[in-house]
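The structure under discussion appears below in the form of structure tokens.
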Amino acid sequence: MKTDLKIKIANAFAVSAAITAVFITGVTIYADLNPTLKDWLKNTFTHHWIGKGFLAAIIFIALIPLILFIYPNDKKERLLKNLMILFWLTIIGALVIFGFFVYEYFKH
Amino acid sequence: MSGLLKILLISHIFLGLAGIIASYAVWMGLLKKKISVKFLRLSSLVSLVFFLLSWLTGGYYYAVYYGQSVRGVIKSGSYPWAHSIFMEAKEHIFFFIPFLAAVIFIIFYFLNDEIESDGRLKKAAMFLAGLTTILGIVITVSGLIISGAVR
């Protein structure tokens with residue numbers, strides 16, 4: 001396999017994981033604040049947590065071929081940037097989720 | 001708790017720990033001057049597989065048993081924050097880990113030559129492996145806090 005294609009695949013995985021990290025953070029907080037969404041997740045997937053995990057996995061898997069077709073990038077510089085974006089979005093997401101539940105606990 | 005649920009809970013803990021150890025091995029392996037891509041590729045695959053299995057086993061226990069039998073005990077006990085803060089954060093922050101592990105594996109699977117020659121790519125992979133390991137440890141400690149709150 002050519003190096004260009006290998007970098008395109010790695011880029012697609014990195015971007016997809018970064019978008020999935022944003023989705024996980026968003027759906028965690030939004031479902032907790034919005035009972036309608038939480039109930040929908042519960043009713044559709046038997047448990048809201050299963051629903052969030054299932055949707056995150058689907059988004060991650062579906063975005064990889066989509067990014068490969070619509071946003072293929074064979075630049076190593078872009079890959080390095082995307083990997084660091086994933087790194088920081090994950091840290092921010094984890095801190096936001098933790099901070100949100102601390103806030104919710106002390107608010108109630 | 002049924003025998004199956006006990007096995008799943010224990011499996012969840014050991015699979016998660018094995019995933020963290022494999023991820024730590026990737027992190028430490030990348031810190032070496034002369035890296036072994038073969039070892040890193042295998043360790044990253046083991047880490048990904050163990051995290052996925054830990055997700056499935058823990059997820060079944062959580063969805064079937066925890067919510068009905070454990071959550072109420074913690075919330076009405078002396079340490080309700082163990083569930084409201086640590087369990088809530090743990091169960092959602094965990095979601096990040098398998099996707100990070102998948103990206104790390106893909107880097108080693110497709111870019112084995114590049115990672116040996118490009119220090120910047122090696123550094124980026126090291127950051128991601130370190131983050132995966134640290135998140136895994138944080139989640140493990142949260143699990144210990146939650147277990148302690150039930151007693």
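With a Förster radius of 45 Å applied to the C-beta separation of residue B:7 and residue A:95, the computed FRET efficiency comes to 0.85. Run a plain Debye calculation on the range B:14-139 (Cα atoms as equal point scatterers, no solvent) and give log10 I(q)/I(0) at q = 0.12, 0.15 Å⁻¹, rounded to two decimals, same order as the q list. So the normalised log intensities work out to -0.50, -0.69.
Taken one residue at a time, the phi angles of the range A:63-78 give Karplus couplings (6.51, -1.76, 1.60, θ = phi - 60°) of 6, 4, x, 4, 5, 4, 8, 8, 9, x, 9, 9, 8, 5, 4, 5 Hz. Gly and Pro are set to x. 3J(HN,Hα) along the range B:68-78: 7, 10, 10, 3, x, 4, 5, 5, 9, x, 7 Hz, from the Karplus curve 6.51 cos²θ - 1.76 cosθ + 1.60 with θ = phi - 60°, whole Hz, x for Gly and Pro. Of the DSSP H helices in chain B, those that are both long (alpha-carbon extent of 20 Å or more along the helix axis) and hydrophobic (Kyte-Doolittle mean at least 1.6) are B:3-31, B:96-110. Label zone of residue A:103 (point 7 Å out along Cα→Cβ, amide N under 20 Å): in the range A:10-46 this covers A:21-38. For the pair residue B:117 and residue A:33, label points projected 7 Å from Cα toward Cβ lie 4.9 nm apart.
Treat the count of other C-beta atoms within 10 Å as a stand-in for reagent exposure and order B:83, B:12, A:47, A:108 from fewest to most. Don't skip to the end; give the middle numbers.
Details: B:83 24, B:12 21, A:47 17, A:108 6.
With the sparsest Cβ surroundings first, the list reads A:108, A:47, B:12, B:83.
Using only atoms on other chains, find how many Cβ atoms lie within 10 Å of each Cβ of peptide A:1-8 and report the average. Numbers along the way, then the final one.
On the way: counts 1, 0, 4, 0, 1, 8, 4, 1.
Mean shielding by partner chains, rounded to a whole number: 2.
Once you have the alpha carbon radius of gyration of the range B:1-86, what is it after dividing by 2.2 N^0.38 Å, with N set to its residue count? Write down the numbers at each step before the final one.
Working: Rg = 17.2 Å, N = 86, 2.2 N^0.38 = 12.0 Å.
For the range B:1-86, the normalised Cα radius of gyration comes out at 1.44.
Counting Cβ atoms of other protein chains within 10 Å of each residue's Cβ and taking the mean over peptide B:64-72 gives 1.
Just in the range A:53-103: which trypsin sites (Lys or Arg not before Pro) are loop by DSSP and have at most 14 other Cβ atoms within 10 Å?
Details: sites: A:75, A:76, A:78, A:81; in loops: A:75.
When the trypsin sites (Lys or Arg not before Pro) of the range A:53-103 are filtered for loop state and at most 14 Cβ neighbours within 10 Å, A:75 remain.
Of the peptides B:93-101, B:40-48, A:19-27, the ranking by mean beta-carbon count within 10 Å, highest at the top, reads B:93-101, B:40-48, A:19-27.
Read-outs: derived from the displayed coordinates by stated rules, not from any lab. The structure presented is a predicted model; accordingly, all values stated were derived computationally and were not measured. No Cβ is skipped: glycine too gets one built from the backbone with ideal geometry, and neighbour counts run over all protein chains shown.
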